[in-house]
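The values are calculated or read from the model by the stated rules, or taken from the named source; none is laboratory data. Because the structure is a prediction, the values reported are computed rather than measured. Counting neighbours? That spans all protein chains shown, and the Cβs are built from the backbone with ideal geometry, glycine included. Only protein heavy atoms, including side chains, enter the accessible area calculation; ligands, DNA and RNA are left aside. Shrake-Rupley method; radii C 1.70, N 1.55, O 1.52, S 1.80 Å.
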Amino acid sequence: MERETSTTVMMDSSSKPYDNSKFALPVDSENKATEFRLFSAAKPHMRAFHLSWISFFSCFVSTFAAPPLIPIIRDNLNLTASDIGNAGIASVSGAVFARVAMGTACDLFGPRLASASLILLTAPAVYFTAMADSATSFLLVRFFTGFSLSTFVSTQFWMSSMFSAPVVGGANGVAAGWGNLGGGATQLIMPLVFSLIRDLGAVKFTAWRIAFFIPALFQMMTAFAIFFFGQDTPDGNFHSLKKSGEKPKDKFSSVLFFGVTNYRGWILALTYGYCFGVELTIDNIIAEYFFDRFNLNLHTAGMIAASFGLANIVARPAGGIISDAMSRRFGMRGRLWALWSMQTLGGVLCVILGQLSSLGSSVVVMILFSFFVQAACGLTFGVVPFVSRRSLGVISGMTGGGGNVGAVLTQLIFFKGSKYSKETGITLMGVMILCCTLPITLIYFPQWGGMFCGPSSSKNNDKVSTEEDYYLSEWSLSEKEKGFHQASVKFAENSRSERGGKLDSVTRPHELPSSSPLV
């Protein structure tokens, strides 16, 4: 009898009439796309996807435009190894708190305004790089340019606002992966632009300065594209939705509180520090590492270094797609197991990379390492959208900021000055990956379970055991009476897919047909 009741509940929920006529893609009850069509530019879902990854790509190109030209810049500015290390740390440290702030800005003002504003504000720093004349000025322009990496948070927030649970991991993975591709592309772009300018007659110490105008202009163009052609949600922009009353004006204190008090967000911030943080570290040191260790020329070292970042074209999207596939079969528990496994293998390969002494084997292991560590990034943001509905931006910002913290700490400990050789630093970084991945085993969702145990299923205890209870616990009774929680009700309904196809993917036996999500 209970089984029959459960089926009825699911039939009622799935038979809701959604207005698909407004959109080119099929949508769920939140008007989030249930399909991800990579080569479509349909408004608003796929247009938001393309605007987000291209703008994030431009920020990566700008932030890491300096490393492939370091052999030239260091001679021009008389930079020491410590100066170069400090500048590399500065480039990723600026975004630590900026990413948390970006998450909150997305929650309150929407990803469109938040990302376009930051991209425009950081573009002048890229232009000013051409005017650097000392170690201090070079560090400062890299520091302020690095703030632009906070657009990663708006990218993930935007995708989580546009795509439904069954495809959100893939959407987040492709958008971030193709954006991160800028870290590899700039290893090719900047040496090429430098060579072209030098061949046109500029001396090398002038050519590298002129080269920075290219990423700066590209970055500005993407900001204007987002502002004029982007849309915050499938239903419209935050400002117009709040003005019409369709979206309640949330309290900053409540949004922040439910984000920072959710321990899952802190664990994901830690583990992300040793997948994305490692990626940022490698972007800063890998060209110089191959240039010095194997006595390569600038172009060859840049080509090899580019292969690490260019792996993002498939690696991070693959992580998101794997996360969604594991979810369809095993639910949230599958997402967590896949994340732990992928990042652990990345740590093992990082340890091996630091032990190799031949160029060929180093390149092969580096490419394998890049795939696993970047896939782990995609897998992380297959979990993030489900940690909190109300404070999605804060959780995204915390996790993204954790990536930058990991990069800063890793470079400070292992790659600043001459305490460790770069190969020893890479090995020790691999050990850190292995250690900092273990806390994933502590993540537990009462309604879905964790890596080693299933969901809380007894209706006679006080534990949260349904999606509605979990997401609606972020709203007070007075807020529910005003209807502020309705978006969370829809999200909870659409998140039932996280129970997994192999598990009770419809409803649990103790869920009564009359259970209301309003309390």
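Side notes on the structure shown:
- Segments 60-69, 487-496 sorted - mean Cβ within 10 Å per residue, highest first: 60-69, 487-496
- Estimated inter-spin distance, HIS239 and ALA202, nm [label 7 Å along Cα→Cβ]: 3.7
- Tensor-based shape of the range 209-282 (alpha-carbon gyration tensor, a/c under 1.5 rounded, otherwise prolate or oblate): oblate
- Ordered from highest to lowest accessible area with the whole protein assembly present and a 1.4 Å probe, GLU498, GLU35 read as GLU35, GLU498.
- Extended-chain gain in nm, criterion 0.36 nm per residue less alpha-carbon gap, THR441 and PHE227: 73.0 nm
- Length-normalised contact order of the range 260-499 in % [C-alpha pairs under 8 Å, at least 6 apart]: 30
- Counting 0.36 nm for each residue step from ASN295 to ASN76 and taking away their Cα separation leaves a gain of 76.8 nm.
- Helix 165-199 and the longest principal axis of the Cα set of the chain meet at an angle near 10°.
- Three-way shape call for the range 296-365 based on the alpha-carbon gyration tensor, with the a/c threshold at 1.5: oblate
- Nearest-0.05 FRET efficiency for CYS453 and LYS22, computed from C-beta distance (R0 45 Å): 0.60
- In the context of the full set of protein chains, residues of the range 260-499 present 34 Å² of accessible surface per residue (probe radius 1.4 Å, heavy atoms only).
- Per-residue packing, averaged as other Cβ atoms within 10 Å, sorts the ranges 339-350, 101-112 into the order 101-112, 339-350, beginning with the highest.
- Answer label for percent of Cα pairs over 37 Å apart (calculated), chosen among (1) 28; (2) 47; (3) 52: (1)
- Normalising the average separation of contacting C-alpha pairs (under 8 angstrom, six or more residues apart) by the number of residues puts the relative contact order of the chain at 22 percent.
- Separation of the range 61-135 and the range 168-247, taken as the distance between their Cα centroids, equals 13 angstrom.
- Taking N as the residue count of the range 378-429, its C-alpha radius of gyration divided by 2.2 N^0.38 Å amounts to 1.55.
- Accessible surface of the chain [probe 1.4 Å, protein heavy atoms]: carbon and sulfur percent: 66
- Principal-axis tilt of helix 151-162 within the chain, Cα atoms, nearest 10 degrees: 30
- Helical content of the chain, expressed as a calculated mean residue ellipticity at 222 nm, amounts to -22000 deg cm²/dmol (DSSP H runs of 4 or more residues, -39,500 (n - 2.57) each, divided by residue number, nearest 500).
- At R0 = 22 Å, FRET efficiency that the Cβ-Cβ distance of LEU217 and ARG37 yields, to 0.05: 0.15
- In this simple spin-label approximation, THR261 and SER195 carry label points 7 Å from Cα along the Cα→Cβ vector, and these lie 5.8 nm apart.
- Prolate/oblate/rounded label for the range 260-499 (Cα gyration tensor, a/c 1.5): prolate
- Degrees separating the helix 45-63 axis from the principal Cα axis of the chain, which is the longest one: 30
- Mean Cα-pair separation over length for the range 17-72, i.e. relative contact order, pairs under 8 Å, 6 or more apart, %: 19
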